[in-house]
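*Asks:* Mind looking over this structure? Questions follow.
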Amino acid sequence: MQHKLQSILACAAAPFCLFSFVLLGSVGLIRLVVVPLLTRVDINGEQQQLGALLERHAELSAMLLEAETKRSALVLPVQDPTYGVLKIEQQTQQQFNPLFQAINQIVQAAERGGKPVVTLQEIHVNYVERTLRLRGDVRNAGQSSVSVLAWFIDSLRSIPMLADTPTPPYERKEDPYLGQYSPYDIVIPLRLDE
Amino acid sequence: MNKKFSPLALGLIGCLCFGLSLRLVYESVNQIVAVRQEGLPVLAELPVMERRQEVLKEQLELSELQAALRVGSPDELVHAYVLPTENPVERFVASLNLAADALQQAGVIGEISSIETSSEQPVKNGLVQIPIRFSVALNEQGTTALRQFMLLAGRLTVADALLPSEIEALFERVEADNPTGIVPLEQFLSANLLDYAHDAKAYEGSLNHAIPQPLFTSLLMQLSEESALRDVRDIFGGLGPELKQQRLWPLPLVTIQELVLRQGRAPGWWQATVTASIYRRTES
């Protein structure tokens with residue numbers, strides 16, 4: 001049986017070798033002649049390969065970037081780098097401006113019958129550490145002062161810059177003048193678009 | 001052939017040729033796929049990039065010509081007034097009092113306290129900051145106006161009031177709609193901020209006249225209403241002539257460190273305490 005298999009393999013070796021040799025020749029020919037024809041691209045009327053195309057793309061990208069930088073330097077009047085850094089700092093600080101209005105809108109939305117419900121006793125913006133401290137209380141809401149405080153905190157979180165508003169301790173206190181009220185004092189890290 | 005080569009050698013040569021053929025087929029297929037996947041998108045981008053290159057080249061030539069005609073450099077103004085070598089606190093206090101007077105007349109802020117200054121602190125690159133602190137009673141409009149005034153102090157030109165992304169949007173629009181519009185755009189961006197605040201319509205109208213394409217007009221309108229240019233008109237529109245007359249323009253640059261608002265005595269009013277920094281160069 002083994003002898004028979006060996007004789008079959010010995011007979012097939014020469015045709016297999018010939019077939020593989022012809023196959024290699026044909027594939028090599030295709031690779032040298034046909035593949036370049038299929039992978040050629042036309043750049044400004046010249047037929048070039050993919051590598052040249054990518055090189056041209058990278059070269060153009062660099063030239064455009066350089067031209068944009070040069071244009072900015074020519075068109076934008078002030079080029080002082082120290083001034084540029086401080087101006088960007090000011091522009092970052094300007095992002096805080098809409099915050100005050102947004103918080104006031106929430107406070108006003110909580111009013112009941114013209115009476116303040118969410119009061120703000122202190123708004124402290126630290127522009128360097130980028131934090132906002134809010135201190136105040138929820139009053140004129142009877143037993144629901146805690147749920148109004150939870151609503152206030154949720155509403156603050158809906159402002160993108162205040163998305164990281166921490167949860168304050170929810171507690172209801174009694175005061176002879178205010179009645180039932182829920183104080184809060186929170187420090188919120190401000191999220192900014194850099 | 002069987003007599004000259006052993007079947008084993010023939011089999012090995014056959015296997016080698018077959019393996020090499022498979023590898024060549026694999027590489028060829030990969031090469032064709034790469035051209036389809038990477039090459040074609042890049043090929044589609046090239047004409048657009050080449051067109052941009054031509055446009056930018058034209059804009060650079062025009063800008064270079066315009067720059068050659070420009071008299072004086074705004075950088076000199078920065079060195080003389082915005083980040084000067086002399087202590088700028090007095091000039092800032094004078095301009096703040098001027099703004100406070102106007103806001104008091106509008107009924108949005110009260111009397112401003114005396115302004116305390118602390119000792120200079122080095123920042124970097126030959127720059128020192130001088131901390132200042134003051135208090136004032138104000139309502140919501142007063143808070144907005146005070147912040148606008150302080151955070152626009154030190155800006156010289158229209159370009160300085162715009163964010164880099166807003167300037168980029170203007171460049172892109174001009175490139176697409178009217179490449180030669182770079183000259184009027186440069187004139188608009190270089191306009192003195194105080195002159196713009198005094199007569200914004202004239203500056204915007206003149207730019208619109210030079211670049212009348214609807215998309216550019218709509219972008220300019222959007223920037224005029226939604227960018228810091230609106231704040232510039234609000235705060236410097238009325239103050240401008242007085243600032244110029246008292247030779248307080250350009251203002252020294254200020255950044256705010258802290259703003260504390262405590263509930264005031266009247267409803268809707270706050271007692272604000274502002275801590276800010278003014279800057280001075282240690283070397284000219």
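*Asks:* For the stretch B:44-87, enumerate the residues that are more than 20 Å from the chain's Cα centre (by Cα), more than 7 Å from chain A (Cβ to nearest Cβ) and among the hydrophobic types (A, V, I, L, M, F, W, C).
*Replies:* B:Ala44, B:Val48, B:Val55, B:Leu62, B:Leu65, B:Ala68, B:Leu69, B:Val71, B:Ala80
*Asks:* May I ask you to list the residues in the stretch B:1-59 that are under 16 Å from A:Ala12 (Cβ atoms) and either among the hydroxyl-bearing types (Ser, Thr, Tyr) or in contact (Cβ under 8 Å) with a residue 12 or more places away in the chain (or both)?
*Replies:* Residue satisfying the conditions is B:Ser6 alone.
*Asks:* Name the strands (runs of 3 or more DSSP E) wholly inside the stretch A:97-194 in which the number of residues that are of a type in the set (Gly, Ala, Ser) is 1 or more. If you could, list the steps in order and put the result at the bottom.
*Replies:* Numbers: elements: A:118-126, A:131-138, A:173-175, A:179-189.
Filter on the stretch A:97-194 gives A:131-138, A:179-189.
*Asks:* Scan the stretch B:150-160 residue by residue and report those that are under 26 Å from A:Leu64 (Cβ atoms) and assigned to a helix (DSSP H, G or I).
*Replies:* Correct list: B:Val158, B:Ala159, B:Asp160.
*Asks:* Of the conditions (1) among the β-branched types (Val, Ile, Thr); (2) under 30 Å from A:Val118 (Cα atoms); (3) buried (at least 19 other Cβ atoms within 10 Å of the Cβ), B:Val260 satisfies every one except a single condition; which number is it?
*Replies:* Among (1) among the β-branched types (Val, Ile, Thr); (2) under 30 Å from A:Val118 (Cα atoms); (3) buried (at least 19 other Cβ atoms within 10 Å of the Cβ), B:Val260 violates only (3).
*Asks:* How many of the residues in the stretch B:161-199 are farther than 22 Å from B:Leu62 by Cα and in a helix (DSSP H, G or I)? Break it down into steps so the answer makes sense when it comes.
*Replies:* The first filter runs over the stretch B:161-199 and keeps only residues farther than 22 Å from B:Leu62 by Cα, leaving B:161-163, B:165, B:193-199.
From what is left, the residues that are in a helix (DSSP H, G or I) are B:161, B:165, B:193-198.
Here the count works out to 8.
*Asks:* Turning to a different aspect of this structure: In the list A:Leu60, A:Leu29, A:Leu37, A:Leu86, which residue meets the criterion of being in a helix (DSSP H, G or I), more than 9 Å from chain B (Cβ to nearest Cβ) and at pLDDT 90 or above? Please lay out each step first, then the result.
*Replies:* Numbers: A:Leu60 fails: more than 9 Å from chain B (Cβ to nearest Cβ); A:Leu37 fails: at pLDDT 90 or above; A:Leu86 fails: more than 9 Å from chain B (Cβ to nearest Cβ).
Only one candidate qualifies: A:Leu29.
*Asks:* Let me ask something else. Please pick out the residue among B:Pro88, B:Pro74 that is more than 22 Å from B:Leu146 (Cβ to Cβ), surrounded by 18 or more Cβ atoms within 10 Å (Cβ to Cβ) and at pLDDT below 95. Walk me through it before giving the result.
*Replies:* Details: B:Pro88 fails: more than 22 Å from B:Leu146 (Cβ to Cβ).
Going through B:Pro88, B:Pro74 in turn, just one is more than 22 Å from B:Leu146 (Cβ to Cβ), surrounded by 18 or more Cβ atoms within 10 Å (Cβ to Cβ) and at pLDDT below 95: B:Pro74.
*Asks:* Condition first: of a type outside the set (Ser, Thr, Tyr) and under 11 Å from B:Leu24 (Cα atoms). Now tell me which residues in the stretch A:14-34 satisfy that.
*Replies:* We begin by selecting, within the stretch A:14-34, every residue of a type outside the set (Ser, Thr, Tyr); these are A:14-19, A:21-25, A:27-34.
Listed by number, the residues that qualify are A:Leu23, A:Leu24, A:Gly25, A:Val27, A:Gly28, A:Leu29, A:Ile30, A:Arg31, A:Leu32.
*Asks:* Considering only the stretch A:101-121, state which residues are at the interface with another protein chain (Cβ under 10 Å from one of its Cβ atoms) and either in contact with an Asp or Glu (Cβ under 7 Å, 6 or more places away or on another chain) or closer than 30 Å to B:Gly181 by Cα (or both).
*Replies:* Residues of the stretch A:101-121 at the interface with another protein chain (Cβ under 10 Å from one of its Cβ atoms): A:101, A:104, A:116, A:119-121.
Residues satisfying the conditions are A:Asn104, A:Thr119.
*Asks:* When the residues of the stretch B:195-211 are narrowed to those that are small (Gly, Ala, Ser) and touching a helix residue (DSSP H, G or I) at 6+ places or on another chain (Cβ under 8 Å), which ends up nearest to B:Ala161 (Cα to Cα)? Step through it out loud before you land on a result.
*Replies:* Step one: filter the stretch B:195-211 for residues small (Gly, Ala, Ser), giving B:197, B:200, B:202, B:205-206, B:210.
Subset that is touching a helix residue (DSSP H, G or I) at 6+ places or on another chain (Cβ under 8 Å): B:197, B:200, B:206, B:210.
Details: B:Ala197: 11, B:Ala200: 13, B:Ser206: 19, B:Ala210: 21 Å.
Filtering first and then ranking leaves B:Ala197.
*Asks:* Also, quick follow-up: Which residue out of B:Leu22, B:Leu40, B:Leu10 is under 30 Å from A:Ser7 (Cβ atoms) and surrounded by fewer than 16 Cβ atoms within 10 Å (Cβ to Cβ)?
*Replies:* B:Leu22
*Asks:* Which condition number does A:Phe96 fail, the rest of (1) over 21 Å from B:Leu156 (Cα atoms); (2) in contact (Cβ under 8 Å) with a residue 24 or more places away in the chain; (3) facing chain B (nearest Cβ under 7 Å); (4) not basic (Lys, Arg) being met?
*Replies:* That leaves (3) as the condition not met.
*Asks:* In the stretch B:233-257, how many residues are surrounded by 20 or more Cβ atoms within 10 Å (Cβ to Cβ) and in contact with a strand residue (DSSP E or B) (Cβ under 6 Å, 6 or more places away or on another chain)?
*Replies:* 5
*Asks:* How many residues does the stretch A:138-185 contain that are buried (at least 16 other Cβ atoms within 10 Å of the Cβ) and touching a helix residue (DSSP H, G or I) at 6+ places or on another chain (Cβ under 8 Å)?
*Replies:* 16
*Asks:* Still on this structure, I have one more. Identify all residues within the stretch B:239-284 that are of a type in the set (A, V, I, L, M), within 13 Å of another protein chain (Cβ to nearest Cβ) and over 20 Å from B:Ala94 (Cα atoms); write none if there are none. Let's see the steps before the verdict.
*Replies:* Within the stretch B:239-284, the first condition is being of a type in the set (A, V, I, L, M), and the residues that meet it are B:239, B:243, B:248, B:251, B:253-254, B:256, B:259-261, B:266, B:272, B:274, B:276, B:278.
Filter once more, keeping what is within 13 Å of another protein chain (Cβ to nearest Cβ): B:251, B:253-254, B:256, B:259-261, B:272, B:274, B:276, B:278.
Listed by number, the residues that qualify are B:Leu259, B:Val260, B:Leu261.
The values are calculated or read from the model by the stated rules, or taken from the named source; none is laboratory data. Everything numeric in this text was worked out from a predicted model, so none of it was measured. Neighbour counts run over all protein chains shown; Cβ positions are idealised from the backbone, glycine included.
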